[in-house]
Each structure stands twice: as structure tokens, then as C-alpha cells.
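Participant: Okay, handing you the structure first.
The values are calculated or read from the model by the stated rules, or taken from the named source; none is laboratory data. A quick note: this is a predicted structure, and the numbers were derived from the prediction, not measured. Note that we place each Cβ from the backbone using ideal geometry, even for glycine, and neighbour counts take in every protein chain shown. We work out accessible area using only protein heavy atoms, side chains counted, and drop any ligands, DNA or RNA first. Shrake-Rupley method; radii C 1.70, N 1.55, O 1.52, S 1.80 Å.
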Amino acid sequence: QVRLEQSGGGLVQAGGSLRLSCAASGLSSYDIGWFRQAPGKGRELVTAIRWTGEMTYYADSVKGRFTISRDNDQNTVTLQMNSLKPEDTAVYYCAAGYYYDLPDEYKYWGQGTQVTVSS
């Protein structure tokens with residue numbers, strides 16, 4: 001059974017930091033992506049990492065502020081978000097697939113967690 005469980009998120013002031021975590025089970029050799037969706041807006045691929053960890057992707061809007069990493073021994077992927085801006089406010093989802101930089105190819109999804117950044 002494939003399962004992705006998320007933790008983290010919350011409310012933070014602009015310029016602050018948050019950390020999200022995604023724990024995956026029932027998969028092997030999988031890529032992980034973090035998506036976000038604000039009310040009334042489309043889903044955006046924020047960052048992604050290959051299962052080996054040697055290749056990553058970042059959307060232009062988060063480059064230099066967000067960092068994705070993974071610990072395959074624990075089957076977890078972490079999203080460290082620094083210098084947060086109000087426009088980062090959204091529901092964040094982790095997802096698993098086999099084409100890390102292709103948003104439409106992700107197959108399995110976590111439950112989502114709210115990130116709110118105040119001005």
C-alpha cells in the first residue's frame with residue numbers, strides 16, 4: 001500500500017522559516033515533489049528531488065530560499081523554507097512519482113498541509 005504522510009506547516013511572519021516533512025511507504029526508487037496551491041489558483045510544482053538525491057528542481061519563485069533533501073534510510077523528504085513571503089501562502093502537498101521534473105507524472109499524494117505567511 002502506497003502512503004505519503006506529511007507533517008509541519010503553520011503560521012509564520014514574513015522572513016521566517018518553516019520545515020515540512022513527507023514520509024513515504026510502499027514505494028522504492030521514487031522521486032518526490034512538493035506542490036502548492038493557493039485558493040483560486042492552480043497547482044504549482046515548487047521543488048522536486050530524484051530518489052538518488054543527486055538531481056533537484058526548484059521553481060524560479062523559490063530558488064535561493066527553499067531547500068529539498070531526502071533521507072532514503074528513513075524514507076523521508078524534507079522541505080526547508082526560509083525567507084518566507086506572503087505569496088508563499090498555500091496548501092503544500094508532497095507527491096511521489098518517477099519523473100521528478102514533470103508535474104503531470106506524479107502518481108501518489110500526501111494529505112496536504114497549510115502554510116500561512118503574514119506580512
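Participant: Would you calculate the separation in nanometres between label points at S29 and M55, each defined as 7 Å from the Cα along the Cα-to-beta-carbon direction?
Facilitator: Roughly 1.4 nm, to one decimal.
Participant: Counting only heavy atoms of the protein chains, get the accessible area per residue of the range 23-119 (1.4 Å probe) and round it to a whole Å² value. Each step should come with its number before you reach the end.
Facilitator: Values: 4950 Å² over 97 residues.
Result: 51 Å² of accessible area for each residue.
Participant: Modelling each spin label as a point 7 Å along the Cα-to-Cβ direction, I'd like the D101/Q37 distance in nm, to one decimal.
Facilitator: 2.5 nm
Participant: Next up: What whole-number value in cubic angstrom gives the convex hull volume per residue for the C-alpha atoms of the chain?
Facilitator: Cα-based convex hull of the chain, divided per residue, equals 93 Å³.
Participant: In whole percent, and with a 1.4 Å probe on the protein chains, what portion of the accessible area of the range 26-99 is carbon and sulfur?
Facilitator: 45 percent
Participant: Looking at the chain, send over the antiparallel percent of its DSSP beta bridges, to the nearest 5.
Facilitator: DSSP beta bridges in the chain are roughly 90 percent antiparallel.
Participant: Heavy-atom accessible area of T113 with all protein chains present, probe 1.4 Å, nearest 10 Å²?
Facilitator: 20 Å²
Participant: Still on this structure, please answer the following. Run the quick spin-label model on Q111 and S83: label points 7 Å from Cα toward the beta carbon, then report their separation in nm to one decimal.
Facilitator: Using points 7 Å along Cα→Cβ, the separation is 3.3 nm.
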